[in-house]
Amino acid sequence: MEENKFEVVSANNFNDNSSKKSHVNFTKSILLPFFSGIVGSTLIIGICFGTPSIKNKLFNNQVSSSQNPTSSATSSLVNSETTKQVSLANYSDTAIAVAKKILPSIVGIKIEYTVSSPFSYFGGGSSTSTASGSGIIISSDGYIVTNNHVVDASSSSYYNVSEAKNVKVKLYDDETVYDAKIVGKDAKTDLAVLKIDAQNLQPAEFANSSEVQIGEFVMAVGNPLGLENSITDGIISAINREVSSSDGTVYTCIQTNAAINSGNSGGALVNSEGKVIGINTLKLSGSDIEGIGFAIPINSTLDIIDELIDHNKVLRPYIGIATIDLDESTAKKNNLVVGVYIKSIENFSAAEKSGLKVGDVIIKANGNSISTFDELEKAKNSLKIGDELTLTVNRNGSEIDIKVILQEAP
């Protein structure tokens, strides 16, 4: 699986009222397509609600070159070989129908943040900044899904950015501005759920994102650069594309060449039936890069959305250890074995209660060999809170099986 390494940074369209200019250098190549520019600098980062009976009939009607003068002229330029023109009528009709269906299910989001310098005690002070993004209506009574980074900015290397103080939502073709409550958010999956006090909204329809195909027609919908209700089109460029954030989080995404820009984050990537297949999240940016954007597959968001609504967070199983991956070279230098070395154990954690010890090297999880923390995480996350996870550890040269009862992550 090809893996693209990059820095994930906050990049909403910030409008800072401060006169001090930003010296933030978030990244040069990959940016989340939501936040842009704090304190005067602009940064680029990173549902279809289908119409029944819309079919993907693109390019079905072909017209012989002999049927019109333009085609005949073209034929004469290619040694009289027969050429055919492709009718774009069905393509256009599909795009129009999809747009009409999805737009009422997409919202614009505006947020206020407090931005301050870490040197504010020297008189730097703080100011209020604004940012914009997109969201997808998921229920008629006002629940909206968006990206976590839309409502939860992280601190930069120079400025401290608070969590969203004020969240406003604007519906399609409606001048009313709604106050939104953050119901729940999850940095690990970059998802958040908002709630507005409204009824009879038009929720988006979700497709089965596991069935998308490379080359399939798609449209990206959102509010790029504050331009409300914007739609771009393209195709699925790749599926199951792994991209890694600067904090090590790996996202498995749908890749598309449909234009995704700052402010598109949290909006929808939809298919030819107007159904959501993904949530626009990331883009690849650079002077020599064009048309590389990423969306979180909608199938992978459904359980997360439910947990955010039910519990205001994602409930994950928890062991309670800090680790170091031991490759062959590191293991040999330290007279250890390849595996996951336990360097610390949290008090009162599942690890402590199970009898795991600092210095143990985990080599198996439920009987399957592991050598990295990521492999251990996958084994753990395949289980639920309260389940039993059997870890095989190498302790002082001997292998021991230890049963861990998984706790809820704090």
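Would it be correct to say that L356 is farther than 22 Å from V250 by Cβ, touching a helix residue (DSSP H, G or I) at 6+ places or on another chain (Cβ under 9 Å) and either surrounded by 18 or more Cβ atoms within 10 Å (Cβ to Cβ) or modelled with pLDDT under 95 (or both)? Criteria met by L356. Consider E273 carefully, then state whether it is under 18 Å from I137 (Cβ atoms), surrounded by fewer than 23 Cβ atoms within 10 Å (Cβ to Cβ) and in contact with a Cys (Cβ under 9 Å, 6 or more places away or on another chain). Here the answer is yes, as E273 does meet what is asked. Of all residues in segment 288-304, those that are surrounded by fewer than 23 Cβ atoms within 10 Å (Cβ to Cβ) and among the hydrophobic types (A, V, I, L, M, F, W, C) total 4. I'm trying to understand the selection: among the residues of segment 198-213, which are polar (S, T, N, Q), part of a loop (DSSP other than H, G, I, E, B) and closer than 21 Å to I254 by Cβ? Within segment 198-213, N208, Q213 meet the criteria. Considered as a group, the residues in segment 101-151 that are under 25 Å from D174 (Cα atoms) and part of a loop (DSSP other than H, G, I, E, B) include one that is modelled with the lowest pLDDT, and that residue is N147.
With a requirement of 1 or more residues that are more than 23 Å from N240 (Cα to Cα) and assigned by TED's automatic domain parsing to the domain that holds I106, the helices (runs of 4 or more DSSP H) lying completely within segment 269-388 that satisfy it span 302-311. Taken together, S265, S210 contain a single residue that is touching a Pro at 6+ places or on another chain (Cβ under 8 Å) and crowded, with 20+ Cβ neighbours inside 10 Å, which is S265.
Taking segment 167-197 as the range and being of a type in the set (A, V, I, L, M), touching a helix residue (DSSP H, G or I) at 6+ places or on another chain (Cβ under 7 Å) and in a strand (DSSP E or B) as the test, the residues that pass are V167, I182, V183, L191, A192, V193. Scanning for something under 17 Å from the mean Cα position of the chain (by Cα) and among the polar types (S, T, N, Q), does segment 333-355 turn up at least one residue? The answer is no, given that none of the residues of segment 333-355 is under 17 Å from the mean Cα position of the chain (by Cα) and among the polar types (S, T, N, Q).
Listed here are the residues, each with its yes/no results for (1) acidic (D, E); (2) in the same structural domain as D141 (by TED's automatic domain parsing); (3) under 22 Å from H311 (Cβ atoms).
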residue	(1), (2), (3)
D173	yes, yes, no
D197	yes, yes, yes
Q202	no, yes, no
I214	no, yes, no
A220	no, yes, no
I236	no, yes, no
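In the set (1) over 28 Å from Q202 (Cβ atoms); (2) modelled with pLDDT under 95; (3) touching a helix residue (DSSP H, G or I) at 6+ places or on another chain (Cβ under 7 Å); (4) not β-branched (V, I, T), the condition left unmet by S244 is number (3). When we screen S329, S371 for residues that are exposed (fewer than 12 other Cβ atoms within 10 Å of the Cβ), of a type outside the set (K, R) and modelled with pLDDT of 95 or more, the only hit is S329.
The values are calculated or read from the model by the stated rules, or taken from the named source; none is laboratory data. Not measured: the values here are computed from a predicted model. Every residue, glycine as well, gets a Cβ built from its backbone with ideal geometry; the counts of neighbours run over all protein chains shown.
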